[in-house]
Amino acid sequence: MDYDILVIGAGPAGLAFASLMADAGQNVALFDSQPKAALQNPDFDGRDIALSEKSRRILDKLGAWSRIDPEHIAPIRCAKLHDGDSRASLVFDPRAAGSDRLGNMVSNHLIRKALYDVAKTKANITLYCEARVNALHRGAARATITLDDGTEFTGALAVAADTRFSKIRQSSGIMANMHDFGHTMIVGRMAHEKPHHHIARELFRYDGGLAILPLNGNRASIVQTFPAETAKTYMNMNEAAYTQAAQCRLNGLLGTLSCEGERRAYPLVGVFAQNFYTDRLVLIGDAAVGMHPVTAHGFNFGIQGVANLAGHLLTALARGRDVAAPGALRAYERDHRALCWPLYQMTEKMMSLYTNTTFPARLARKAALHAAQVFQPGKDVLMATLTRTPLPTLVRAKLPTPMRLFS
């Protein structure tokens, strides 16, 4: 069975890319190991995504944004970063960029469902469920994948969207820098007594990370990060004990808490592929770059990378070139690396500092937070990036060339 493009993995990146290329007239085969029912109606997995304005626009262009109930979309009006128990914070206020929000909170499972609903309307996308890819062979003219039942499919381009632990990436000889942070993230929704005013907070406590992601009403996704062994203790707590522990760690910030649903645990591993493509294969989503969630950029980088790749491939097709044209894949790698690599590196170093509880590290953390607070041009760049508003003229004039990549 022959197609133009073979996409392995029907997560958000795979679904979005398949839809973009189907709109360009490409015949796409989409493979996923899950049953169809799980793709049609994904279970809530505890993860709430902080969508930037650029990512929202991409979802809107795809037709996915309008498929998400507005009642389940919560604005992020402001963000604050705190060190330890200090009341001082690094504040990111989008009003400085002329916007009313930094982004929007949306549940991961709702985004997945919306993208699935878009993809299923495309006549030239064929979805193969419970399909486990056993092998990928890349020839001079076609790529061939073999399922574990022996069925073979060919296409001009294979696309790996099969998580940050991508078997396709590994079997194709593409190495990746992997950083195990040795920590586990525990996520769970909670109702609370005091209003959050739609302020997202990151509290770098000395006993582990803590984040408040505001949802609609007096509800929030509470994200706690601990060393792996400590996380096991928290996961084994009953609901009452866990609620009391979270309440104490928040130091009364949200008042009395109560759990909404079960909590989930995710080990934290960062991944950055050394190459994003090779002959007749390209990596997207977490298979290319898997970010630590502290910056809330993982999903945003993934969906923006998909749009970037599709744009380069459409340009190649318009010029009569192969959809796997090396020039287009090279341009995607260049752009996506420039977008992701600086923040990936910064995140590694930041987490090394913010998980170190020695006295010198604590002093360094406070100094870094103060420096970031007073460096207004850097904050303006971040505001403009998240809100998709123009940078102030004065700031643009002062920025060094590399930072313009984020404007």
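The values are calculated or read from the model by the stated rules, or taken from the named source; none is laboratory data. These numbers come from a predicted model, not from an experiment. Glycine gets a Cβ as well: all are built from the backbone with ideal geometry, and neighbour counts include every protein chain shown.
Only one of these conditions is not met by Met21: (1) under 27 Å from Val282 (Cα atoms); (2) under 20 Å from the mean Cα position of the chain (by Cα); (3) of a type in the set (A, V, I, L, M). Which number is it?
Among (1) under 27 Å from Val282 (Cα atoms); (2) under 20 Å from the mean Cα position of the chain (by Cα); (3) of a type in the set (A, V, I, L, M), the lone unmet condition for Met21 is (2).
Test Ala228 against the criterion of being farther than 30 Å from Arg142 by Cβ and within 23 Å of the chain's Cα centre (by Cα), and give yes or no.
Numbers: farther than 30 Å from Arg142 by Cβ: yes; within 23 Å of the chain's Cα centre (by Cα): yes.
Here the answer is yes, as Ala228 does meet what is asked.
For region 83-101, state whether one or more residues are under 24 Å from Phe299 (Cβ atoms), touching a Pro at 6+ places or on another chain (Cβ under 8 Å) and in a loop (DSSP other than H, G, I, E, B). Spell out how you get there, then give the answer.
Step one: list which residues in region 83-101 are under 24 Å from Phe299 (Cβ atoms), which gives 90-94, 97, 99-101.
Filter once more, so that each one left must be touching a Pro at 6+ places or on another chain (Cβ under 8 Å): 100-101.
In the following step, the residues that additionally are in a loop (DSSP other than H, G, I, E, B) were identified as 100-101.
Yes: region 83-101 contains one or more residues that are under 24 Å from Phe299 (Cβ atoms), touching a Pro at 6+ places or on another chain (Cβ under 8 Å) and in a loop (DSSP other than H, G, I, E, B).
State yes or no: is Ala288 among the small types (Gly, Ala, Ser) and either in contact with a Leu (Cβ under 8 Å, 6 or more places away or on another chain) or crowded, with 17+ Cβ neighbours inside 10 Å (or both)?
Details: among the small types (Gly, Ala, Ser): yes; either in contact with a Leu (Cβ under 8 Å, 6 or more places away or on another chain) or crowded, with 17+ Cβ neighbours inside 10 Å (or both): yes.
Yes.
I need the strands (runs of 3 or more DSSP E) fully contained in region 1-64, keeping only those with at least 3 residues that are touching a residue at least 60 places away in the same chain (Cβ under 8 Å) and under 18 Å from Arg132 (Cα atoms). So that I can check it myself, show each step before the final result.
Working: elements: 2-8, 28-31, 48-51.
Qualifying strands (runs of 3 or more DSSP E): 2-8, 28-31.
Quick check on region 90-99. Is at least one of its residues surrounded by 16 or more Cβ atoms within 10 Å (Cβ to Cβ), at pLDDT below 95, acidic (Asp, Glu) and closer than 19 Å to Ile212 by Cα?
First, the residues of region 90-99 that are surrounded by 16 or more Cβ atoms within 10 Å (Cβ to Cβ): 90, 92, 94, 96-97, 99.
Now drop any that are not at pLDDT below 95, which leaves 90, 92, 94, 96-97, 99.
Within this subset, residues satisfying the condition of being acidic (Asp, Glu) are none.
No, there is no match, as no residue in region 90-99 is surrounded by 16 or more Cβ atoms within 10 Å (Cβ to Cβ), at pLDDT below 95, acidic (Asp, Glu) and closer than 19 Å to Ile212 by Cα.
Which residues, counting only those in region 217-235, are outside any strand (DSSP E or B) and buried (at least 18 other Cβ atoms within 10 Å of the Cβ)? Spell out the reasoning first.
Within region 217-235, the subset outside any strand (DSSP E or B) is 217-218, 228-235.
Ala231, Tyr234, listed by residue number.
Report whether or not Phe272 is surrounded by 15 or more Cβ atoms within 10 Å (Cβ to Cβ), touching a Cys at 6+ places or on another chain (Cβ under 9 Å) and of a type outside the set (D, E, K, R).
Details: surrounded by 15 or more Cβ atoms within 10 Å (Cβ to Cβ): yes; touching a Cys at 6+ places or on another chain (Cβ under 9 Å): yes; of a type outside the set (D, E, K, R): yes.
Yes.
Just checking, does region 153-173 include any residue being modelled with pLDDT under 95 and touching a Phe, Trp or Tyr at 6+ places or on another chain (Cβ under 9 Å)?
No, there is no match, as no residue in region 153-173 is modelled with pLDDT under 95 and touching a Phe, Trp or Tyr at 6+ places or on another chain (Cβ under 9 Å).
Report every pair of residues separated by at least 6 positions or lying on different chains whose Cβ atoms are under 8 Å apart, first residue within region 301-329 and on the phi > 0 side of the Ramachandran plot, second modelled with pLDDT of 95 or more and surrounded by fewer than 18 Cβ atoms within 10 Å (Cβ to Cβ).
The qualifying pairs do not exist here.
Return the residue satisfying two criteria in turn: it lies in region 243-272 and is assigned to a loop (DSSP other than H, G, I, E, B) and among the small types (Gly, Ala, Ser), and of such residues it is modelled with the highest pLDDT.
If we filter region 243-272 for residues that are assigned to a loop (DSSP other than H, G, I, E, B), which is where we start, we get 250-256.
Okay, now just the ones that are also among the small types (Gly, Ala, Ser), so 252, 255.
Values: Gly252: 90, Gly255: 96.
Here the answer is Gly255.
With the condition kept exactly as written, say whether any residue in region 296-306 is under 30 Å from Asn238 (Cα atoms), modelled with pLDDT under 90, in contact with a strand residue (DSSP E or B) (Cβ under 9 Å, 6 or more places away or on another chain) and surrounded by 15 or more Cβ atoms within 10 Å (Cβ to Cβ).
Going through region 296-306, the residues under 30 Å from Asn238 (Cα atoms) turn out to be 296.
In the following step, the residues that additionally are modelled with pLDDT under 90 were identified as 296.
Those left that are additionally in contact with a strand residue (DSSP E or B) (Cβ under 9 Å, 6 or more places away or on another chain): 296.
Checking which are surrounded by 15 or more Cβ atoms within 10 Å (Cβ to Cβ) leaves us with 296.
Scanning region 296-306 turns up at least one residue that is under 30 Å from Asn238 (Cα atoms), modelled with pLDDT under 90, in contact with a strand residue (DSSP E or B) (Cβ under 9 Å, 6 or more places away or on another chain) and surrounded by 15 or more Cβ atoms within 10 Å (Cβ to Cβ).
Just to be sure, is Ala38 aliphatic (A, V, I, L, M), surrounded by fewer than 17 Cβ atoms within 10 Å (Cβ to Cβ) and under 28 Å from Arg189 (Cα atoms)?
Details: aliphatic (A, V, I, L, M): yes; surrounded by fewer than 17 Cβ atoms within 10 Å (Cβ to Cβ): yes; under 28 Å from Arg189 (Cα atoms): yes.
Criteria met by Ala38.
Output yes when any residue across region 167-190 is closer than 16 Å to His82 by Cβ and either free of Cβ contacts under 8 Å to residues at least 12 places away in the same chain or aliphatic (A, V, I, L, M) (or both), and no when none is.
First, the residues of region 167-190 that are closer than 16 Å to His82 by Cβ: none.
Checking region 167-190: not a single residue is closer than 16 Å to His82 by Cβ and either free of Cβ contacts under 8 Å to residues at least 12 places away in the same chain or aliphatic (A, V, I, L, M) (or both).
Is it the case that Leu115 is surrounded by 14 or more Cβ atoms within 10 Å (Cβ to Cβ), closer than 30 Å to Tyr206 by Cβ and not charged (D, E, K, R)?
On the way: surrounded by 14 or more Cβ atoms within 10 Å (Cβ to Cβ): yes; closer than 30 Å to Tyr206 by Cβ: no; not charged (D, E, K, R): yes.
It is false that Leu115 is surrounded by 14 or more Cβ atoms within 10 Å (Cβ to Cβ), closer than 30 Å to Tyr206 by Cβ and not charged (D, E, K, R).
Matching residues to (1) at positive phi; (2) surrounded by 19 or more Cβ atoms within 10 Å (Cβ to Cβ):
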| residue | (1), (2) |
| --- | --- |
| Asp4 | no, yes |
| Gly9 | yes, yes |
| Ser19 | no, yes |
| Ala22 | no, yes |
| Ser55 | no, yes |
| Asp60 | no, no |
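Among the residues of region 176-204, which ones are over 21 Å from the mean Cα position of the chain (by Cα) and hydrophobic (A, V, I, L, M, F, W, C)? Talk me through it step by step, then tell me what you get.
Just the residues of region 176-204 that are over 21 Å from the mean Cα position of the chain (by Cα), to begin with: 190-197.
Answer for region 176-204, where residues must be over 21 Å from the mean Cα position of the chain (by Cα) and hydrophobic (A, V, I, L, M, F, W, C): Met190, Ala191.
Residues that are surrounded by 17 or more Cβ atoms within 10 Å (Cβ to Cβ), in contact (Cβ under 8 Å) with a residue 40 or more places away in the chain and of a type in the set (Asp, Glu): does region 259-267 have at least one?
There is no residue in region 259-267 that is surrounded by 17 or more Cβ atoms within 10 Å (Cβ to Cβ), in contact (Cβ under 8 Å) with a residue 40 or more places away in the chain and of a type in the set (Asp, Glu).
Please tell me if Asn275 is over 12 Å from the mean Cα position of the chain (by Cα), part of a loop (DSSP other than H, G, I, E, B) and closer than 30 Å to Gly9 by Cα. Step through it out loud before you land on a result.
Values: over 12 Å from the mean Cα position of the chain (by Cα): yes; part of a loop (DSSP other than H, G, I, E, B): yes; closer than 30 Å to Gly9 by Cα: yes.
Yes; evaluated as a whole, the condition is true for this residue.
Look through region 174-216, keep the residues that are of a type in the set (D, E, K, R) and not in a loop (DSSP other than H, G, I, E, B), and return whichever of them is farthest from Leu283 (Cα to Cα).
Residue satisfying both the conditions and the ranking: Arg205.
Among the residues of region 65-82 satisfying the criterion of being in contact (Cβ under 8 Å) with a residue 60 or more places away in the chain and assigned to a helix (DSSP H, G or I), which is surrounded by the fewest Cβ atoms within 10 Å (Cβ to Cβ)?
Glu71
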